[in-house]
Amino acid sequence: MVIDGSDNLADRDSLIVSPISRVKGELRVPGDKSISHRAAMLSSLARGQSILKNFSSAQDCAATLKCLQSLGIGVVSDGSTIVVEGTGPVGLQQPARELDAQNSGTTMRLLAGILAGQPFPVTLTGDDSLRARPMLRVAEPLRLMGAQIEVEASGCAPLRIKGHRPLQPIHYQLPIASAQIKSAVLLAGLAADGITTIKEPSQTRDHTERMLPEFGAQITRDGNTLGIQGGATLRARNLFIPGDISSAAFFVAAAVALPGSDLFIRDVGLNRTRTAFLSTLRAIGADITVSDERLEGGEPVGTLHIRGAELKGLATVEVSGDAVPNLIDELPLLAFLAASLGSEMALSDAQELRVKESDRIAATVENLSRLGARIEEREDGWRLYGGSKLQGAGLSSFGDHRIAMSCAVAALVAEGPSTIQGARNSVAVSLPEFWTLLESVTE
């Protein structure tokens, strides 16, 4: 057995992961988490019924649906198909209690943009982890647009929002590259009287600006500057949500790390702002090809084919500057993979990893050190040295889904079994099917 949840484990949330020879077969991952959030929110602001197929199974997206229901939106789930009864731009209702975003930063920040343009007070809160993450960065531009938003003295949630309609259009320069802040301002721009523009320091994932025109909004782009015309009447849509490339990345990494692997991942999203991980792996010699390419709801979709091979003479993987935002979710995984391959990795300018579901810099360094890798923690990243052979060890998810799944990839390659604390429950945030999917393609 590759994954063992033995009754002998003292911690029922732990799993034992043993090394394997290769991964082989084919799989599909659930719908993209980022796209699912946005599809549900825009469907709620549209008039009429939207049907969203292959909707994400992540807890984060379930939190978004519950918040929308509390705002008076009709939501019916049938497996991975979600039916949303949109009420139009002014049809949301004041909730009876606080909206709980649970562990989802996307839910909190994007809903803040929508609620900034609603004429009623509401409070957005979340779990302990989410309430420790910075929210002033999203409150500031929404205040400039006319919404009243209070945060804690620390700059964190709860967000107490008293919206206004119409909002004032603004010309906003993002202080950091953040798709969530950009999206919050764009969504608030729907309720503005005029054109709101946002300039990014570097381009981030563009799901919001791709999806808005699908629902009838008017979007312009000039380089890294986006504009949205307020007052649009959104129309309901039926959408297929592509498979989540950030979830697929863990299976891609396992296939790259294990020579002899032969893996197909079907119907996965291939948005160019999300495929930097694939480009990075190809640059070190990974055999990854794409077929059956097409557009679904404005998003590129296709099939990945990964063949594992011995990778010789690997160059140091270096990530810094503008490359960081489009790799932000995969940076810990990239370190675990580099260590599995005996390669080196230098990461800088990634302070944002400190304020994710865990401190992902510290969590990555701690777990790789336990596995026997030579790695130095730095304030904005790490330096991983090559040549170490990983040994099975006691690892920790630190309550973070991406850290748990990254640990699993390294454990498949290490010599001897590894125990991952917090492995069962943490993955539910983004990919509750992870362990089942992994066992389905292991040999």
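The values are calculated or read from the model by the stated rules, or taken from the named source; none is laboratory data. Model, not experiment: these values are computed from the prediction. Reconstructed Cβ throughout: ideal geometry from the backbone, glycine too, with neighbour counts over all protein chains shown. Accessible surface is based on the protein model in full, side chains and every heavy atom, while ligands, DNA and RNA are left aside. Shrake-Rupley method; radii C 1.70, N 1.55, O 1.52, S 1.80 Å.
General remarks:
- Note on the range 235-322: with neighbouring protein chains present and a 1.4 Å probe, carbon and sulfur make up 45 percent of its accessible heavy-atom surface.
- Here's how it looks for A46: its modeled amide H is under 5 Å from those of T87, G88, which are all 5 or more places away or on a different chain.
- Distant-in-sequence amide H partners of S396 (H built 1.01 Å from N, under 5 Å): Q421
- Rotationally averaged projected area of the range 88-232 (alpha carbon convex hull; nm²): 7.8
- Backbone HN-Hα couplings from phi across the range 148-165 [Karplus 6.51/-1.76/1.60, Hz, Gly and Pro as x]: 9, 9, 10, 10, 5, 4, 6, x, 10, 5, x, 9, 9, 10, 10, x, 8, 9
- Helix 179-189 axis, angle to the chain major axis (alpha carbon atoms, nearest 10°): 10
- Over the chain, relative contact order from alpha-carbon pairs under 8 Å, at least 6 apart, %: 18
- Residue list for the range 110-125, given a label point 7 angstrom along the Cα-to-Cβ vector of Q168 and an amide N cut-off under 17 Å: 116-118
- Using alpha carbons only, the radius of gyration of the chain set against its Kirkwood radius gives Rg/Rh = 0.97.
- Paired Rg and Dmax values of the range 272-420, which use every Cα atom, in angstrom: 15.4, 45
- Using the rule -39500 (n - 2.57) for each DSSP H run of four or more residues, divided by the residues of the chain, the 222 nm mean residue ellipticity is -8500 deg cm²/dmol.
- Two numbers describe the Cα atoms of the range 75-149: Rg and Dmax, which are 13.8, 41 Å.
- Peptides 226-235, 304-313, 267-276, ordered by how many other C-beta atoms sit within 10 Å of their residues on average, highest first, read 267-276, 226-235, 304-313.
- When its C-alpha radius of gyration is set against 2.2 N^0.38 Å (N residues), the range 294-340 gives a value of 1.54.
- Residues in the range 205-341 average 35 Å² of solvent-accessible surface per residue, probe 1.4 Å, ligands and nucleic acids excluded.
- Length released on extending from V83 to D193, taking residue separation times 0.36 nm less the Cα-Cα span: 36.6 nm
- Here the range 152-267 yields Rg over Rh of 1.10, to two decimals, using C-alpha coordinates and the Kirkwood radius.
- Per-residue SASA remark: E376, around 80 Å² accessible (1.4 Å probe; ligands, DNA and RNA not included).
- Computed with a 1.4 Å probe over protein heavy atoms only, the accessible area of F277 comes to about 10 Å².
- Prolate/oblate/rounded label for the range 64-105 (Cα gyration tensor, a/c 1.5): oblate
- What the Cα convex hull of the range 1-137 gives, in volume per residue, is 167 Å³.
- For a straight C-alpha distance cut-off of 28 angstrom, the lysines reachable from K24 (same-chain residues fewer than eight places away being disregarded) are K33, K53, K312, K389.
- Helix 59-70 and the longest principal axis of the Cα set of the chain meet at an angle near 20°.
- 16 Å Cα-Cα reach of K162 towards aspartates and glutamates, excluding residues that sit fewer than 8 places from it in its own chain: E98, E140, E150, E152
- Q93/T289 FRET efficiency (R0 56 Å; Cβ-Cβ; nearest 0.05): 0.70
- Set of lysines with alpha-carbon distance to K199 below 24 Å, sequence-local pairs under 8 removed: K182, K356
- Residues with amide H under 5 Å from that of L167, placed H, sequence gap 5 or more: A192, D193
- Calculated FRET value between E318 and L136, using beta carbons and R₀ = 22 Å, to 0.05: 0.10
- Rounded to the nearest 10 Å², the accessible area of Y385 at probe 1.4 Å: 60
- Calculated on C-alpha atoms, the gyration radius of the range 359-411 divided by its Kirkwood radius gives an Rg/Rh of 0.93.
- Along the range 278-290 the Karplus relation, 6.51 cos²θ - 1.76 cosθ + 1.60 evaluated at θ = phi - 60°, assigns HN-Hα couplings of 5, 4, 5, 5, 4, 5, 9, x, 5, 9, 10, 10, 10 Hz to successive residues, with x for each Gly and Pro.
- For the range 1-158, accessible area per residue (1.4 Å probe, heavy atoms of protein chains only), Å²: 39
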